[in-house]
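Notes follow the structure.
The values are calculated or read from the model by the stated rules, or taken from the named source; none is laboratory data. Given the structure is predicted, the values throughout are model-derived calculations rather than measurements. Here the Cβ positions follow ideal geometry from the backbone for every residue, glycine too, while neighbour counts run over all protein chains shown. We work out accessible area using only protein heavy atoms, side chains counted, and drop any ligands, DNA or RNA first. Shrake-Rupley method; radii C 1.70, N 1.55, O 1.52, S 1.80 Å.
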Amino acid sequence: VVVDCHSHLYPRSYVELLRARAEIPRVAGDRGSERFVIFPEEDVPGGGRPLRSEFWEVGAKLGFMDEHGIDRCVVSLGNPWLDPFVGPESPGLARDLNAELGALGPETGGRIVALGVLPANEVGAAAQTVDEIAATDGLHGAIAGPRICGLTLDDPRLDAVWSALERTALPLFVHPHSAAAVEDLRGWDHVLPLALGFPFETSIAVARLVLGGVLGRFPDLKVLAAHGGGTLPFLAGRFDVAWRAAPALRQRLPRPPSEDLARIHADAVVYHPRALRALVDLVGPERVVFGTDHPFFNADVAPVLAMVRETLGADAEMILGANPKRLFGL
Ligand code: URA
Ligand code: ZN
C-alpha cells in the first residue's frame, strides 16, 4: 500500500481568496492563465508559477494517484494557508475550508483524506479549530507554516494549540511558507527560494519548536516536518554543539536538541538517497513517510518511489504504507 502524505489541494474557494489580494502571497492573472505569486521576485507582470486546475480538481488528484500507484492520499491546503487572513473572519474561513476538505473522504470512498487548516487571527481560535478538526470525519491532522497566528513555534503563547493537538492526537504537518532569507536568494527566479529557502525555513521552524521545549512539555505531540526536515538531518550535530556551549539554554532544555529532533516525523521528499539515509539515520525508519508535493512541479514521483525502495530495502514498505497509516490513524 502506498500513501502520499505530502500532497496539496487548493479548493477553488480558497484560490478566490488569494485572487482578491493585491499583495503577495496572491494569485494573479485571468482565469485560465492564473499564476501563483509567493516570492517578491515573482511579483512582476506575467510572473509567478502557473496555477492549473489540478490544484483544485479532485478528479485530477485521483488521476495522478492512479498514474503512480498511490492508493491513498492525505491532502493538505498548501502555503500560504490562512496566514494572510488575520482578521476576525479567519476562524469562519477555516471552518468552511475544513468542511470542504473533510468532505473529500466520503466523496472518494476514503482514498483522499485531509489535514485541516488553522485560523491566523488568535491562538484561542486556533486551539478551538484543532478541536473542530478532531470532530470532523475525513480530517486526520492539521497543517501550518513556520508561524501559527503570527507566532514562531517556540512562542509559549502557542501552548494552547500544542495542548489541543496532543489531547486530540492529531499530527501537525510543518511546511514552509515563503522561504527563509528570501532577500539573500534573489536573482535566480524561484530556484534558490525553493531549493534552499524552503528547507531552511522548515529547519528554522522545527529548530524553534525544539529549542522552545515544546516536545518536552507535550511528549505525545506528533509533528511531521516537510521535505525530510529540511537541513536538520545534516545539521543536527552542529545544533547540539551550539546547545552545549549555551548554559542558560541547557538549564531549560536538558536533552541535546538532536534527541528531540529524533522524535519528529518527516517526509521522504528529499530527492537523493544520501539525504534519505541521513534522515533515516536521525529519526529511524519508523518516523519517515512517503510524499510527493503534487501538484507542484517538484512532484517527481517515480524517482522518489524508486529511491525509497532502493535505499531502504525491507524498510521501504513501512515508509510507503505502515508509517502513514499509523501517524494519521488511517
Ligand atoms: N512550492 C510551493 O509554493 N509550495 C509547495 O508546497 C511546493 C512548491
Ligand atoms: Zn508542499
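Points to keep in mind about this one:
- The residues of the stretch 51-62 that are over 18 Å from His6 (Cβ atoms), open to solvent by less than 60 Å² (accessible area, probe 1.4 Å) and over 20 Å from the mean Cα position of the chain (by Cα), listed by number, are Ser53, Gly59.
- Residue check, Gly109 surrounded by fewer than 19 Cβ atoms within 10 Å (Cβ to Cβ) and outside any helix (DSSP H, G or I): yes
- Whenever a residue of the stretch 296-311 is within 19 Å of Asp71 (Cβ to Cβ), its partners that are acidic (Asp, Glu) and open to solvent by less than 20 Å² (accessible area, probe 1.4 Å), lying with C-beta atoms within less than 8 angstrom and at least six residues away or across chains, give the pairs Ala299/Asp293.
- Any hit, the stretch 265-288, residues being over 30 Å from Gly69 (Cβ atoms), out of contact with any Phe, Trp or Tyr (no Cβ under 9 Å at 6 or more places or on another chain) and away from ligand 2 (no atom under 16 Å from the Cβ): no
- Filter pass, Val210 being at pLDDT 95 or above, open to solvent by less than 10 Å² (accessible area, probe 1.4 Å), assigned to a helix (DSSP H, G or I) and in contact with an Asp or Glu (Cβ under 6 Å, 6 or more places away or on another chain): yes
- Residue in the stretch 179-200 that is nearest to ligand 2 (Cβ to nearest atom), counting only those that are open to solvent by 50 Å² or more (accessible area, probe 1.4 Å), within 16 Å of Val37 (Cα to Cα) and assigned to a helix (DSSP H, G or I): Val191
- Hits in the stretch 272-296 - residues which are buried (at least 21 other Cβ atoms within 10 Å of the Cβ) and within 16 Å of ligand 1 (Cβ to nearest atom): Val289, Phe290, Gly291, Thr292, Asp293, His294, Pro295
- Counting residues in the stretch 113-127 that are part of a strand (DSSP E or B) and at positive phi gives zero.
Residues are listed down the side, and each one gets a yes or a no for (1) without any contact (Cβ under 8 Å) to a residue 40 or more places away in the chain; (2) within 16 Å of ligand 1 (Cβ to nearest atom):
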site: Pro171; (1), (2): no, no
site: Val191; (1), (2): yes, yes
site: Val214; (1), (2): no, no
site: Lys222; (1), (2): no, no
site: Arg244; (1), (2): yes, no
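- Of Ala127, Ala99, Ala94, Ala103, all but one fail to be open to solvent by less than 10 Å² (accessible area, probe 1.4 Å) and either more than 15 Å from ligand 1 (Cβ to nearest atom) or touching a Pro at 6+ places or on another chain (Cβ under 8 Å) (or both); the exception is Ala94.
- Selection status of Asp131, acidic (Asp, Glu) and touching a strand residue (DSSP E or B) at 6+ places or on another chain (Cβ under 9 Å): no
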